[in-house]
1. Just name the residue that is surrounded by the most Cβ atoms within 10 Å (Cβ to Cβ) out of those in the range 255-265 that are closer than 16 Å to E302 by Cβ and under 21 Å from the mean Cα position of the chain (by Cα).
2. Of all residues in the range 287-303, which are among the charged types (D, E, K, R) and either modelled with pLDDT of 95 or more or assigned to a loop (DSSP other than H, G, I, E, B) (or both)?
3. Select from the range 308-351 the residues that are among the small types (G, A, S), in a helix (DSSP H, G or I) and farther than 22 Å from D366 by Cβ and list them in ascending order.
4. Within the range 266-278, work out how many residues are outside any loop (DSSP other than H, G, I, E, B) and either assigned by TED's automatic domain parsing to the domain that holds D304 or surrounded by fewer than 24 Cβ atoms within 10 Å (Cβ to Cβ) (or both).
5. How many residues are farther than 17 Å from P91 by Cα and surrounded by fewer than 17 Cβ atoms within 10 Å (Cβ to Cβ) if we restrict to the range 153-170?
Amino acid sequence: MCSIRVLMVVTGVAITIAPITAQITRPGSTSAGGSLGGGSIGGTNSPSGTIGGTTGGIPNSTSNPNSTIPDANRRPIFLSGKVMLNDGTLPGERVAIESVCNNRRHIEGYTDSKGRFSFQFGQERGLFDDASDDSPASRAAAGRINSGGVTQNALMSCEIHAALPGFRSDSISLATHQYLDNPELGTIVLHRLANVEGLTISATSALAPKDARKDYEKGLEALKKNKDDEAQKDFEKAVQLYPKYATAWFELGKLHEKANQLDEARKAYMQAGEADAKYINPYERLYMLAYKDSKWQEVVEESDHVIRLNPYDFPNAYFFNAVANLRLNHLEPAEKSAREAVKLDTKGENPKVNYVLGVILANKQDFAGAAEYLRTYLKAVPNDPDNVKIRQQLADVEQQSAQAKSAPN
């Protein structure tokens, strides 16, 4: 095993896994991103969930679906409201606000520290389009959205809800909403799901003293203005006043990680975990930091922690768990995690998991299964720069599969 690549030879079949490049997500998101063998891995969670991992596109039922000519009746609409937990408390963390129109999701914005949100619905969405959906219909829909505004008819199929892992959201329909109506939608209630221990909000935030909360909120405001040094000082004040302020420790960790102060980042994330053992966000960053250092056992342990806390909302945890177990040649747990990652990736946002599962099955000498998942990957990402190598791997696996079938019993 060399330091750059892992080469695994299975009865003449060379399977190479190129390294994953970890990325730091924007504040409010804990989705782990990166690349494996070229190509990108997008997060699938809302805050902790995805930013930019959802697809815009509000069809105009009164116009030609292939037309990008702006509709004269299309107008922007301003919407606002509040998010609250079903126990009457505020989330304490940023919550993504999504629109769902004809089953297509789009992140419209995030709540502030008081649970409030406001946004212009139907504004340009180029920054939020899902790159994984590059169909002609999707490009046409994106063209219509980029012209600005929505038609009244389009609102008939739209609703607004909040997105937070571990919670189910009430929805507010826009079917009867008129352009000149009061923009206030009211309160969206989040209901905690059963059998989910871990959350992307920390219970310790509600117990923070007033002065500590004030410093924390000042830090968040400084982050919005890209004043990282000021934000760091504010978060440091917050944890000095209230050492169990898990979210403040987490924000400090992200700032240290951004500055490439990785030892300090780890310490801050560990402090966040010690302050609130059911707060998922720091464990996600810890397994990503471990991945950067090729500490595969640590990746397994930290991603296992995320999976135990919430086995439903974090497909990336399963993905990196599978990769780390594969690096350790622990093929059974690697396959189990990879299959779960495939199952949870309902939108096909991380096609690399098919490649990883193909590699795992090839190493288990299930060549027919390996070929199936390698084909699935190549079909999903036809323009990946590494596809020349992967097609050769597929050819080798298919040859091994054919030989296995023709061999006498």
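The values are calculated or read from the model by the stated rules, or taken from the named source; none is laboratory data. This one's a predicted model, so the numbers in the text were calculated from it and none came from an experiment. Cβ: placed from backbone, ideal geometry, glycine included. Neighbour counts: every protein chain shown.
1. The residue in question is A265.
2. Across the range 287-303, the qualifying residues are D293, K295, E298, E301, E302.
3. Answer for the range 308-351, where residues must be among the small types (G, A, S), in a helix (DSSP H, G or I) and farther than 22 Å from D366 by Cβ: just A317.
4. 7
5. Number satisfying all stated conditions: 3.
To keep it simple, each residue is scored yes or no on (1) in a helix (DSSP H, G or I); (2) surrounded by 20 or more Cβ atoms within 10 Å (Cβ to Cβ); (3) aromatic (F, W, Y); (4) touching a strand residue (DSSP E or B) at 6+ places or on another chain (Cβ under 7 Å).
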| site | (1), (2), (3), (4) |
| --- | --- |
| V306 | yes, yes, no, no |
| V353 | yes, yes, no, no |
| G358 | yes, yes, no, no |
| Q365 | no, no, no, yes |
| A370 | yes, yes, no, no |
| L374 | yes, yes, no, no |
| D384 | no, yes, no, no |
